[in-house]
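Student: This is the structure, below, for whatever I ask next.
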Amino acid sequence: QVQLVESGGGLVQPGGSLRLSCVVSGSIFSIAMGWYRQAPGKQRELVATITSGGSSNYADSEKGRCTISRDNAKNTVYLQMNCLKPEATAVYYCYSRSTMSGYWGQGTQVTVSS
């Protein structure tokens with residue numbers, strides 16, 4: 001059974017930083033991993049993705065503020081978020097895609113507020 005477990009969310013002040021982590025357990029190899037977010041009343045949107053080879057892609061709004069990375073040996077993906085703004089408040093979901101299917105985590109809440 002495949003499980004994705006996110007951690008690292010929480011409350012942070014505007015301008016602050018957070019590092020999200022997601023561990024993928026189960027017998028899969030993640031071709032691509034990524035982070036999406038969903039704010040109240042809005043659709044889920046891409047934040048960043050990264051392939052097993054290390055190629056990354058970011059939402060335009062997050063370029064220069066976020067860095068996605070992964071540890072293939074640990075099947076873990078990270079999202080370093082800096083200079084956070086209140087509009088980044090959302091539930092952040094981890095995503096993993098194998099050759100057979102895609103998998104989602106349960107989400108971790110990120111709240112940017114003073």
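The values are calculated or read from the model by the stated rules, or taken from the named source; none is laboratory data. For clarity, every value in this text was computed on a predicted model and none was experimentally measured. No Cβ is skipped: glycine too gets one built from the backbone with ideal geometry, and neighbour counts run over all protein chains shown. Note: accessible area is taken over every heavy atom of the protein model, side chains too, but ligands, DNA and RNA are not part of it. Shrake-Rupley method; radii C 1.70, N 1.55, O 1.52, S 1.80 Å.
Student: To the nearest 20 debye, what is the magnitude of the charge dipole of segment 37-114 about its Cα centre, counting +1 on the Cβ of each Lys and Arg and -1 on the Cβ of each Asp and Glu?
Tutor: For this selection, approximately 60 debye.
Student: Label-point separation (nm) for THR111 and GLU45, each offset 7 Å from Cα along Cα-to-Cβ?
Tutor: Rounded to a tenth, the inter-label distance reads 2.1 nm.
Student: Could I ask something else about it? With every protein chain present, what is the per residue accessible area of the chain (1.4 Å probe, Å²)? Intermediate results must be reported in sequence, preceding the final value.
Tutor: Numbers: 6130 Å² over 114 residues.
Using a 1.4 Å probe on heavy atoms only, each residue of the chain averages 54 Å².
Student: Okay, moving on. In whole percent, how big is the carbon plus sulfur part of the accessible area of the chain, probe 1.4 Å, protein atoms only?
Tutor: About 47 percent, which is the carbon plus sulfur part of the accessible surface.
Student: Take each of the peptides 27-37, 52-62, average the number of other beta-carbon atoms within 10 Å over its residues, and list them starting from the highest.
Tutor: 27-37, 52-62
Student: Once the principal axes of the Cα atoms of segment 1-54 are found, what is the range along each, listed largest first in whole angstroms?
Tutor: 38, 25, 22
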